[in-house]
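Novice: Below is a structure I'd like to ask you about.
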Amino acid sequence: MNHIEFINNAYTKDNLCLPMIHFNSDEKDICVIFIHGMCQTIIDNYFVTVWGNILVENNIGFLYEHNRGHSIENDILMKDGSYARYGCMYEIFEDCILDIDLAIDKAEKLGYKRFILMGHSYGCNKLIYYYYKKHPNILGLVLASAPDMVGLQLYRQKDYKELIKEAKVNIDNGDETKILSNLVEDYMYMSSRTYYNWFNEKSNLDNLPVMGNSENWYQFESINVPILTFSGSNETDNYLHLDLLKDKAKSCNDFEYKIINNTNHFYTNKENEIGDIILDWIKNRF
């Protein structure tokens, strides 16, 4: 893994220091900026290290940003030397704008001229929202295992109605950081503000409603740059309706999708195959 550097001096507009890993290309033209999924870090995302190496060996830079939602819970260094409590437990979806702004700004300062945004899982929802809000000057989007986050929650969380009510009561009582009484999806504690922000009826996170809980496709429909999307064949059904995504990408005239056989949400044993797919997609278009 040559050409890797760690970046620990980049601050969002609200003064959070977000660590990044840069796969440094000698040729400063295209940089792929990676936005990770729910609770993730680069340690959890081995596949990313494979993709980063494949790209940098072909003179394409790769920048992995740890956003404020990395890990289930974390303390992030502030510019004034204090720490702020974040992680998935406390994250507000709309703050992804600040985090992605920072990643693009850093890639520009590193000398790159053209950019591709890549997301994995929940990171895809962030990129869809970001594109809708800002229409950044990018070459295209890569959406790896893009989920219907709200649909999955409604399906999996049998006590959803009780939790959303509890979260709202806590917020109204001025206790928005109070942890909900039950686990979310049987593994994670979550603050009231985060649960309500993500899963209320008007949530901006409801931007890929594959499971039919809403018709909120307007964010996705706004994307007018090339899209590559893929999922593993062993993922749950929610991730496999890529033909539906193509149909809903009404402003995109270059949409490519693939189901990768015999692999899961983290692409075990298929990391190199997918890395080559990403590389070919970039080289054939840009």
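Read-outs: derived from the displayed coordinates by stated rules, not from any lab. Note that the structure is predicted; figures quoted are calculated from it, not measured. Here the Cβ positions follow ideal geometry from the backbone for every residue, glycine too, while neighbour counts run over all protein chains shown.
Novice: Output wanted: per-residue J couplings in Hz (rounded whole) for the stretch 144-149, from phi through Karplus 6.51 cos²θ - 1.76 cosθ + 1.60, θ = phi - 60°, x for Gly and Pro.
Specialist: Rounded to whole hertz, the list is 9, 6, 6, x, 8, 4.
Novice: Further question: Can you list the residues of the stretch 30-50 with backbone N under 12 Å from a point 7 Å past the Cα of Glu185, pointing along Cα to Cβ?
Specialist: 37-40
Novice: Could you point to the residue in Ala84, Gly111, Asn125 farthest towards the positive end of the stretch 75-162's charge dipole, with +1 and -1 charges on the Cβ of Lys/Arg and Asp/Glu respectively?
Specialist: It is Gly111.
Novice: No solvent, one uniform scatterer per C-alpha: report log10 I(q)/I(0) for the stretch 179-245 via the Debye equation at q = 0.14, 0.15, 0.20 1/Å, two decimals.
Specialist: Values, matching the q order: -0.60, -0.68, -1.01.
Novice: Taking just the C-alpha trace of the stretch 18-59, give me its Rg and Dmax in Å.
Specialist: 10.9, 32
Novice: Right, next: What's log10 of I(q)/I(0) for the chain at q = 0.08, 0.16 Å⁻¹, Debye sum over Cα points only, no solvent?
Specialist: These q points yield log10 I(q)/I(0) values of -0.32, -1.34.
Novice: Once fully extended, how much extra length lies between Asp26 and Glu273, figured as 0.36 nm per residue of separation less the alpha-carbon to alpha-carbon distance?
Specialist: Working: separation 247, 0.36 × 247 = 88.92 nm, distance 2.38 nm.
Length gained, Asp26 through Glu273: 86.5 nm.
Novice: Helix 96-109 versus the longest principal axis of the chain: what angle, 0 to 90°, nearest 10, using Cα atoms?
Specialist: Result, in degrees: 20.
Novice: Would you please put 210-220, 243-253 in order of how densely packed they are, using the mean number of other Cβ atoms within 10 angstrom per residue and starting with the highest?
Specialist: Numbers: 210-220: 16.1, 243-253: 14.5.
Those peptides, ordered most packed to least, come out 210-220, 243-253.
Novice: Here is a further query. With r defined as the distance between the Cβ atoms of Asn200 and Leu139 and R0 fixed at 25 Å, what FRET efficiency is calculated, to the nearest 0.05?
Specialist: Numbers: r = 34 Å, r/R0 = 1.36.
Calculated transfer efficiency: 0.15.
Novice: Quick check: convex hull of the Cα atoms in the stretch 83-194, volume per residue, rounded to a whole Å³?
Specialist: Values: hull volume 14.6 nm³, N = 112.
Per residue, the Cα convex hull of the stretch 83-194 comes to 131 Å³.
Novice: Tell me, what are the semi-axes, in whole angstrom and largest first, of the equivalent ellipsoid of the stretch 13-160 as set by the roots of 5 times the Cα gyration tensor eigenvalues?
Specialist: 25, 19, 15
Novice: Continuing with this model, one more query. Would you mind computing Rg(Cα) / (2.2 N^0.38 Å) for the stretch 57-117, counting N as its residues? Numbers along the way, then the final one.
Specialist: Working: Rg = 13.7 Å, N = 61, 2.2 N^0.38 = 10.5 Å.
Compactness ratio reported: 1.31.
Novice: Could you size up the charge dipole of the chain around its Cα centre, putting +1 on the beta carbon of Lys and Arg and -1 on that of Asp and Glu, and report it in debye to the nearest 20? Don't jump to the answer; show the numbers that get you there.
Specialist: Details: 27 positive and 41 negative charges, 93 e Å.
Around 440 debye, computed over the chain.
Novice: Using the structure shown, list the pairs from Lys133/Lys250; Lys109/Lys250; Lys13/Lys134; Lys79/Lys106 with a Cα-Cα distance above 26 Å, or answer none.
Specialist: Distance filter (> 26 Å) returns Lys109/Lys250.
Novice: So what is the relative contact order of the stretch 172-252, in percent, for Cα pairs below 8 Å that sit 6 or more residues apart? Provide the component values of the computation, followed by the final result.
Specialist: Values: 68 pairs, mean separation 16.4, N = 81.
Value for the stretch 172-252: 20 percent.
Novice: How high is the relative contact order of the chain, in percent, counting Cα pairs under 8 Å that sit 6 or more residues apart? Spell out each step's value before the answer.
Specialist: Details: 590 pairs, mean separation 47.7, N = 286.
Worked out over the chain, it gives 17 percent.
Novice: For the stretch 29-43, take each phi angle, set θ = phi - 60°, evaluate the Karplus expression 6.51 cos²θ - 1.76 cosθ + 1.60, and give the result in whole Hz per residue in order, putting x for glycine and proline.
Specialist: Rounded to whole hertz, the list is 10, 8, 10, 8, 9, 9, 10, 6, x, 4, 6, 7, 9, 5, 5.
Novice: Still on this structure: Please work out how much length the chain gains when fully extended from Asp159 to Tyr218, using 0.36 nm per residue of separation minus the C-alpha to C-alpha distance, in nm with one decimal. The partial results should precede the final answer.
Specialist: Working: separation 59, 0.36 × 59 = 21.24 nm, distance 2.85 nm.
Additional length available on full extension: 18.4 nm.
Novice: Taking amide hydrogens as modeled 1.01 Å from N in the peptide plane, which residues meet the under 5 Å criterion relative to Val184, leaving out close sequence neighbours?
Specialist: Hits under the 5 Å cutoff: Tyr189, Met190.
Novice: Could you give the alpha-carbon Rg of the stretch 105-150 over 2.2 N^0.38 Å, rounded to two decimals?
Specialist: Numbers: Rg = 11.6 Å, N = 46, 2.2 N^0.38 = 9.4 Å.
So the stretch 105-150 has a normalised radius of gyration of 1.23.
Novice: Taking the convex hull of the Cα atoms, report for the stretch 120-185 its projected area averaged over all directions, in nm².
Specialist: Numbers: hull surface 24.2 nm².
Quarter of the Cα hull surface area: 6.0 nm².
Novice: What length, rounded to one decimal in nm, is gained on full extension from Arg85 through to Val169, with 0.36 nm per residue of separation minus their alpha-carbon distance?
Specialist: On the way: separation 84, 0.36 × 84 = 30.24 nm, distance 2.18 nm.
Full extension of this stretch gives 28.1 nm more.
Novice: With point charges of +1 on the Cβ of Lys and Arg and -1 on the Cβ of Asp and Glu, referenced to the Cα centre of the chain, which listed residue (Met190, His265, Ala146) lies farthest in the positive direction of the dipole?
Specialist: Ala146
Novice: Still on this model: Starting from the 7 Å offset along Cα-to-Cβ, what nm value, one decimal, do you get for the label separation of Met78 and Phe6?
Specialist: 2.4 nm
Novice: Over the stretch 104-156, what is the relative contact order in whole percent, taking alpha-carbon pairs under 8 Å and six or more residues apart? Spell out each step's value before the answer.
Specialist: Details: 50 pairs, mean separation 21.5, N = 53.
Relative contact order of the stretch 104-156: 41 percent.
Novice: Against the empirical 2.2 N^0.38 Å scaling, what ratio does the C-alpha Rg of the stretch 172-286 come to? The partial results should precede the final answer.
Specialist: Details: Rg = 17.8 Å, N = 115, 2.2 N^0.38 = 13.4 Å.
Dividing the Cα Rg of the stretch 172-286 by 2.2 N^0.38 Å gives 1.34.
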